[in-house]
Every structure is written in structure tokens, then in C-alpha cells.
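These notes are about the structure you will find just below.
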Amino acid sequence: MHPVLFLSGWLVLAALFALQEWLHGRSWNYNISFGKIYLLWAIQFLLWGIISWIIWWRLGDWIQRATLSSILTRLVPLSILVSVLEEAIWVAATWNIRLGNRSWSYLHRLTYFVDSEMVDNLLIFWVVFFLFRGIGYYHKLREKETAAVRLESELTNAQLRALRMQLNPHFLFNTMNSISSLMHSDVEAADRMLEQMSSMLRMTLDRGEAKLIPLKDEIEFIQVYLSIQQMRFTGKVHSYVAIEPEVLDALVPTMILQPLMENAYVHGVAVTGGEAFLGIEAQNHGGQLRICVRNSGRGLAEMASLKHNGRGVGIANVKARLELHYGNDQRFTLKEFADGEVQAILLLPLGYSPRLTANTQDFFNENQNGHRGR
């Protein structure tokens, strides 16, 4: 509805009508220049454009809420008045433009054109009215759609915040239980574990409300978590991290891996009689980010039993957050092998932050003896 674009549209419409009349005249062998015909149509439609813009400017809001009674009592008389006024201005503006040898007075010309053009002028007025009315409905529809999208976004953010609020205490209490258990056997190790936990909490606070972070930042968090668990399971767990350098800057949901690692410890490592292994791998898998958390243990039966007892918050939290972040563009699966190894596999859209860090950190296997090759 910018004035220049609005009036330009009317002039384009004038050109179409002028072309139609010029072609019609040529078919009847009338030698009339296109420029003169276009000038007459351009003046008429430019007048209608100006009148329409004034109506929109002054009565736009009223038009949107006008009732049938107000339309009949106000707009019908206004349409007649505007139609006559437009014709009066057009006759005055085209006084010196003659299409034939006739020379009529202003009043005679006005009477003639009002009589012949009144129906067309009224039609133009009401077309403009319903156009403005339609634009108003369109604006309201767009506002409702925008409000719905905003509300859906706010709801999604609220759900994500709720899931993180659920996850953070869950992680914190489990870590504190580990520290509490270690206090009875190794006070110095418990003290180091407490420092590691403080470091993890600081990382969590530094991230604030960030929903997506680079994978390398998430891995940094996981490595601190692994250090804590290594103190608890000294000499029992062989862990490794294997990340392809090209996916280090890939974006992942904040704290999406910690519940999987914790799940691997609780349902795998902790229930394994002898030595156990735990690993995390990530690579570009056909244009998607594939993350796999592997652990030895008793398989999925242990996990199912804890879930049946009302525990197992981590996996449900991960699934819910992935669905909120990516919808159907993600996949989360749990695989079990004959020897009890379990793999938690995430397939996520491979996306990067606009600001990619040039420096990447290589991660190497710490101890892969006895580990199954992919």
C-alpha cells in the first residue's frame, strides 16, 4: 500500500484499458494515437488512485469494522458523491483534449459523462471498497498466523526450559550421590570430584539459555563428566572419545549427551561384574550428524526394568528434547548386541554456527582394547 506502488498500479491498469480501446479503434479504422487515449485513461485512473488512497488513509480503519447499516447509510451516498466528483475533475482536466470536431460546454460534457460513466464509476468505487476490506482481512489473518507462530515458539521454549530444569537437578543429585559414596573410601578423590562437579556447573551456567552449542563444547563437558566417573570406577572402565574433526563445530542441543553417558554408567558399567568399556563416537553420516554412545553391560533389560519402576528420566528427556528441536528430522535408537553391549545412536541434521572456529581439537582413543569395531 505504498503510495507510489499503489498509484503505479492504477497507471498500469490505465495502460491496459487504453490499449484495448486503441486496438478496438484500429479495427474500425479510427486513426487515434495511443498516447492521447492513454492520457485520458491515465488521468481517470490516476484520479481514482488518489481518491482511493485518501479513502484508505482517512477511512481505512472504519472500513474494516463497518457494519451493513453503516455501509448503506454512509458509503452508498459517499460512492455517488465520489463518482460525480471524479467525473467533474476529469472533465475539467481533459477540457483541451478533443477526440473529434465537437466542442461542448463544460456542463454539457459533465452531464454527458456522468450519465454514461456513472455505473462504471460506482463499480470502481465498490471494487476498491471490497479490495480494502479484503486487505484488512488478510492483515488480520497474517497477524493471527504470526501470533500463533510466536505462541508456538514460546511454548516450545518453555517446554525446553522445563526439560532442562528437569535434567539439571537429576544430573546434580546423581553426581552428589557419587561424591557421597566416595567420601567413605577416598576423601581426596571425593574432593577432586567436587571440584570437577563445580567445573561442570560453571560450564552449565556459562551457556545460559543457549539451546544449541558446538559439539566440541558438549564433548568438553562430557570429558569432565568422564573424569568424575573415572574416580568412582577406578580401573574398571575403559573409556574413549572418537570425534571426526569436521563435525567438531556441528551444533547439538545443550546437555544432550550427558544423560546418555549417565544412562550408560547406571545401566551398563555399574552392573557389570568385571571391566567395562564406554565410548562416544561422532561423524558425518551421509550429510547427517551421527553420534553413538557405546557401553558394555547387561543390555536393555536392565534399563527397561528401571524405567518400569519409574526411573530412567534421561532417555525420555533426550527423546523429548530432540523432537522439540528437530521434529521428524532426527532419529534416536537403542541397539543391543548378544554380549550385552548397548549403543545409543543419534542422527541429527548437520548444521553449523555462522561463526565457525578455525581451531579444532583432535580426540584420540584412550584405550580401545577389546572394543568392538564399527
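A quick yes/no check of all residues on (1) at pLDDT below 90; (2) surrounded by 14 or more Cβ atoms within 10 Å (Cβ to Cβ); (3) assigned to a loop (DSSP other than H, G, I, E, B):
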site	(1), (2), (3)
H325	yes, yes, no
F332	no, yes, no
G340	yes, yes, yes
Q343	no, yes, no
L347	no, yes, no
P354	yes, no, yes
T360	yes, yes, yes
F364	yes, no, yes
H371	yes, yes, yes
Quick check: is even one residue across the stretch 64-72 out of contact with any Pro (no Cβ under 8 Å at 6 or more places or on another chain), in a helix (DSSP H, G or I) and under 27 Å from V4 (Cα atoms)?
-> yes
Of (1) surrounded by fewer than 21 Cβ atoms within 10 Å (Cβ to Cβ); (2) out of contact with any Leu (no Cβ under 8 Å at 6 or more places or on another chain); (3) under 27 Å from E323 (Cα atoms), G279 satisfies every one except (1)
Residue set S185, S239, S198, S180; condition among the hydroxyl-bearing types (S, T, Y), part of a helix (DSSP H, G or I) and either in contact with a helix residue (DSSP H, G or I) (Cβ under 9 Å, 6 or more places away or on another chain) or at pLDDT below 80 (or both); output residue S180
If you scan the stretch 203-218, which residues turn out to be part of a helix (DSSP H, G or I) and modelled with pLDDT of 80 or more?
-> L215, K216, D217, E218
Which is more than 28 Å from the chain's Cα centre (by Cα) and among the hydrophobic types (A, V, I, L, M, F, W, C), of L257, L251, L278?
-> L278
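The values are calculated or read from the model by the stated rules, or taken from the named source; none is laboratory data. Given the structure is predicted, the values throughout are model-derived calculations rather than measurements. As a convention, Cβ positions derive from the backbone with ideal geometry for all residues, glycine included, and neighbour counts pool all protein chains shown.
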